[in-house]
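Participant: I am attaching a structure below and will ask some questions about it afterwards.
The values are calculated or read from the model by the stated rules, or taken from the named source; none is laboratory data. No experiment lies behind these values; they were computed from the predicted model shown. Using ideal geometry, Cβ is built from the backbone for each residue, glycine included, and neighbour counts are taken over all protein chains shown.
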Amino acid sequence: MDGSGRALSPGANALLQDALEGLSQRQKRLSPKWLYDQRGSALFEEITGLPEYYLTRTEAAILTEYAAELAGLVPEGGALVEFGSGASVKTRTLLDAGDHFAAYVPIDISANFLHQTAHGLRAHYPRLEIAPVVADFTAPVRLPPHLDAMAKVGFFPGSTIGNLPPEAATDLLRHARRWPGAQGFILGADLVKDEATLVAAYDDAQGVTAQFIGNILHRLNAELGADFDTGAFAYRATWNAALARIDMELVSTRAQTVSLPGARIDFAAGEAIHVSASRKYTEQTLAQLVVPAGWRVEQLLTDEDRAFAVAVLLPQ
Ligand SMILES: C[S@@+](CC[C@H](N)C(=O)[O-])C[C@H]1O[C@@H](n2cnc3c(N)ncnc32)[C@H](O)[C@@H]1O
């Protein structure tokens, strides 16, 4: 039941269980996967164009420079399978260079956004099979069975791997290594750099990232009938050097109590909800993620400033 006594959909029920669990911890937390509803996905697209958000343009330039080589990892008649595909903008660089691909499989949790994107791709690439899969990649993703016979290359751009704790990142990579026909994996990862550049990328002057992270509270209100006063939570991005990650939090600006179906949650003034982390890597810490999953780093493609890396992984 939501706050006004209506039955919850299975999706909203999963959101509620996760929120109740996370908000009852000593360090309150919500999972970043709930950031992406239609509004969240659109806000993320806005972030990709912000001047402070060097990640998208840097990764896009690397993909453009090495497009032919990267597309060549997919054998004739094979499939490119993307995790967290969003608007599939950068992917088009690989699809344009991959006339020989038989299928493109975008996987995303944001269902409407994924289907809209797939519709646009079908119009643009009429000869390519576009096979979207709505799924949560923090659990093993089942691919359509008719793809079993196809060679596959995984693609995980956008530094999204950095949102996952190291063990979960390795699990995802291990799962993709075990797909029938797994040939390779293209992984976009952000690199450790100076604190000012990192914090600015996650706390932009226009406040778009603050809106994106704050969207999770709007979602709890809209989908569960919670009563968060969204104006009473301030956004904060901080660099944790010891864990090499940016932490994104919503900080309660006053003592307050919030109701969710089945619980009342107290917040002290200054208490934070941890919503997302974005881990930054070195060559060494990247290898520590991929090697236990059965991959080796064949090539690390970077820009001149070594701001961002696209790692080409091959089976060990
Ligand atoms: C940081 S954005 C990256 C989007 C795009 N790949 C890019 O590089 O611009 C993360 C994407 O992953 C999706 N996503 C986040 N958590 C997910 C999860 N647990 N399972 C499936 N998709 C998820 C989001 O909906 C979003 O499209």
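Participant: So which strands (runs of 3 or more DSSP E) are wholly in region 209-292 and hold at least 1 residues that are among the aromatic types (F, W, Y) and out of contact with any helix residue (DSSP H, G or I) (no Cβ under 8 Å at 6 or more places or on another chain)? Full working, then the answer.
Facilitator: Working: elements: 233-240, 245-252, 256-260, 263-267, 272-279.
Counting at least 1 such residues, we get 263-267.
Participant: A further question follows. Regarding region 99-110, can at least one residue be identified that is in a helix (DSSP H, G or I), among the hydroxyl-bearing types (S, T, Y) and at pLDDT 95 or above? Full working, then the answer.
Facilitator: Residues of region 99-110 in a helix (DSSP H, G or I): none.
Scanning region 99-110 turns up no residue that is in a helix (DSSP H, G or I), among the hydroxyl-bearing types (S, T, Y) and at pLDDT 95 or above.
Participant: Please name all residue pairs, on different chains or six or more residues apart, with Cβ atoms under 7 Å, provided the first residue is in region 270-296 and is on the phi > 0 side of the Ramachandran plot and the second residue is in a helix (DSSP H, G or I) and among the hydrophobic types (A, V, I, L, M, F, W, C).
Facilitator: none
Participant: Also, I was wondering about something else. Of the residues that make up region 40-51, is at least one away from the ligand (no atom under 12 Å from the Cβ) and of a type outside the set (G, A, S)? Before you say what the answer is, go through the steps one by one.
Facilitator: Of the residues in region 40-51, the ones away from the ligand (no atom under 12 Å from the Cβ) are 50-51.
With of a type outside the set (G, A, S) added as a condition, the list becomes 50-51.
Yes, region 40-51 contains at least one residue that is away from the ligand (no atom under 12 Å from the Cβ) and of a type outside the set (G, A, S).
Participant: Working carefully through the options L143, L164, L147, find the one that is more than 20 Å from the chain's Cα centre (by Cα), assigned by TED's automatic domain parsing to the domain that holds S110, of a type in the set (A, V, I, L, M) and surrounded by 14 or more Cβ atoms within 10 Å (Cβ to Cβ). Steps first, answer last, please.
Facilitator: Working: L143 fails: more than 20 Å from the chain's Cα centre (by Cα); L164 fails: more than 20 Å from the chain's Cα centre (by Cα).
The unique qualifying residue is L147.
Participant: Related question: Looking at region 29-38, can you tell me whether even one residue there is charged (D, E, K, R), farther than 30 Å from G225 by Cβ, within 13 Å of the ligand (Cβ to nearest atom) and assigned to a helix (DSSP H, G or I)?
Facilitator: Step one: filter region 29-38 for residues charged (D, E, K, R), giving 29, 33, 37.
From what's left, farther than 30 Å from G225 by Cβ: none.
Taking every residue of region 29-38 in turn, none turns out to be charged (D, E, K, R), farther than 30 Å from G225 by Cβ, within 13 Å of the ligand (Cβ to nearest atom) and assigned to a helix (DSSP H, G or I).
Participant: Still on this structure: What do you reckon, is L15 within 16 Å of the ligand (Cβ to nearest atom) and either over 30 Å from A222 (Cβ atoms) or of a type in the set (A, V, I, L, M) (or both)? Lay out the reasoning, then the answer.
Facilitator: Numbers: within 16 Å of the ligand (Cβ to nearest atom): yes; either over 30 Å from A222 (Cβ atoms) or of a type in the set (A, V, I, L, M) (or both): yes.
Answer is yes for this residue.
Participant: Looking only at region 299-316, count how many residues are in contact (Cβ under 8 Å) with a residue 24 or more places away in the chain and within 22 Å of W179 (Cα to Cα).
Facilitator: Selection size over region 299-316: 7.
Participant: I'd like the residue in region 54-83 that is in a loop (DSSP other than H, G, I, E, B) and surrounded by 20 or more Cβ atoms within 10 Å (Cβ to Cβ) and, out of all such residues, is farthest from the ligand (Cβ to nearest atom). Break it down into steps so the answer makes sense when it comes.
Facilitator: We begin by selecting, within region 54-83, every residue in a loop (DSSP other than H, G, I, E, B); these are 66, 72-78.
If we keep only those that are surrounded by 20 or more Cβ atoms within 10 Å (Cβ to Cβ) as well, we get 73-74, 78.
On the way: L73: 18, V74: 18, G78: 20 Å.
Looking at residues that are in a loop (DSSP other than H, G, I, E, B) and surrounded by 20 or more Cβ atoms within 10 Å (Cβ to Cβ), I get G78.
Participant: Let me ask something else. Taking region 281-306 as the search range and keeping residues that are crowded, with 19+ Cβ neighbours inside 10 Å and touching an Asp or Glu at 6+ places or on another chain (Cβ under 9 Å), which one is farthest from A14 (Cα to Cα)?
Facilitator: So in region 281-306, the residues crowded, with 19+ Cβ neighbours inside 10 Å come out as 281, 286, 289-290, 293, 295.
From what's left, touching an Asp or Glu at 6+ places or on another chain (Cβ under 9 Å): 281, 293.
Details: Y281: 31, A293: 28 Å.
Going through the qualifying residues, I end up with Y281.
Participant: Spot the failing condition for F137; the list is (1) touching a Leu at 6+ places or on another chain (Cβ under 8 Å); (2) more than 8 Å from the ligand (Cβ to nearest atom); (3) among the aromatic types (F, W, Y); (4) closer than 17 Å to S159 by Cβ, and only one is missed.
Facilitator: Failing condition for F137: (2).
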